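Enquirer: One structure, as structure tokens, below. Some questions next.
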Amino acid sequence: QVQLVESGGGLVQAGGSLRLSCAASGTIFMINALGWYRQAPGKQREMVALITRGGSTTYADSVKGRFTISRGNAGNTTYLQMNSLKPEDTAVYYCNAVIPRYVYWGQGTQVTVSS
């Protein structure tokens, strides 16, 4: 099993920055990819950014050039640096870990961007 704990959410003004962290524990050697998703009220959960074991990254078009996903050296931590935040980035942000045949999710952290 893998346990995920997110931190770093909060309230920020438009144009500001936040850095989210996600710490994984448990059978981390099985993790093939770590990712960030978000869900705004009344909307479906959507992918924000992914990083694979090999370091390849994928971003949603809406965050390209503003958000950066990275991974700690030990491979059990992922970060999401969010710059130039917009009110539409307001959502609960979830970390996930992909292992063979299963996906684990964190409990989520609220990000609120005021205009």
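Enquirer: Tell me, what is the percent relative contact order of region 5-115, built from C-alpha pairs under 8 Å that lie six or more residues apart?
Expert: Over region 5-115, the number comes to 36 percent.
Enquirer: Run the simple label-point estimate for residue 110 and residue 1 please: 7 Å along Cα→C-beta, distance reported in nm.
Expert: 2.7
Enquirer: Whole angstrom only: what separates the Cα centroid of region 30-64 from the Cα centroid of region 67-115?
Expert: So the separation of the two Cα centres works out to 7 Å.
Enquirer: May I ask you to give the solvent-accessible area per residue for the chain, in square angstrom, as obtained with a 1.4 angstrom probe?
Expert: 53
Enquirer: Still on this structure, I have one more. Over the chain, what is the percentage of antiparallel beta bridges among all DSSP beta bridges, to the nearest 5?
Expert: 90
Enquirer: Given all pairs of different Cα atoms, what value in angstroms does the Kirkwood hydrodynamic radius of region 1-93 take?
Expert: 13.7 Å is the Kirkwood radius here.
Enquirer: Then there's this: Assuming 0.36 nm per residue, please report the length gained on full extension of the stretch residue 17 to residue 40 beyond their Cα-Cα distance.
Expert: Result: 6.4 nm gained on full extension.
Enquirer: While we're looking at this one, here's another question. Carbon-plus-sulfur fraction of the accessible area of the chain, 1.4 Å probe, in percent?
Expert: The computed percentage sits at 50.
Enquirer: If you don't mind, another one. Which is farthest toward the positive dipole end of the chain among 62, 74, 5, measuring Cα position about the Cα centre, with Cβ charges +1 (Lys, Arg) and -1 (Asp, Glu)?
Expert: So the residue we want is 74.
Enquirer: Grab the eigenvalues of the alpha-carbon gyration tensor for region 45-115, scale each by 5, take roots, and send me the semi-axes largest first in whole angstrom.
Expert: Computed over region 45-115, the values are 22, 14, 11 Å.
Enquirer: What length, rounded to one decimal in nm, is gained on full extension from residue 29 through to residue 62, with 0.36 nm per residue of separation minus their alpha-carbon distance?
Expert: Working it through step by step, the gained length comes to 8.8 nm.
Enquirer: Could you compute the net charge surrounding residue 9? Neighbours are other residues with a C-beta less than 14 Å from the C-beta of residue 9; K and R count +1, D and E count -1.
Expert: 0
Enquirer: ³J(HN,Hα) across region 29-40 via Karplus (A = 6.51, B = -1.76, C = 1.60, θ = phi - 60°), whole Hz, x for Gly/Pro?
Expert: 5, 8, 6, 8, 7, 10, x, 10, 10, 9, 9, 8
The values are calculated or read from the model by the stated rules, or taken from the named source; none is laboratory data. Keep in mind it's a predicted model, so treat the numbers as computed, not measured. Neighbour counts run over all protein chains shown; Cβ positions are idealised from the backbone, glycine included. Each accessible area value is taken on the protein alone, full model and side chains, heavy atoms only, with ligands, DNA and RNA left out. Shrake-Rupley method; radii C 1.70, N 1.55, O 1.52, S 1.80 Å.
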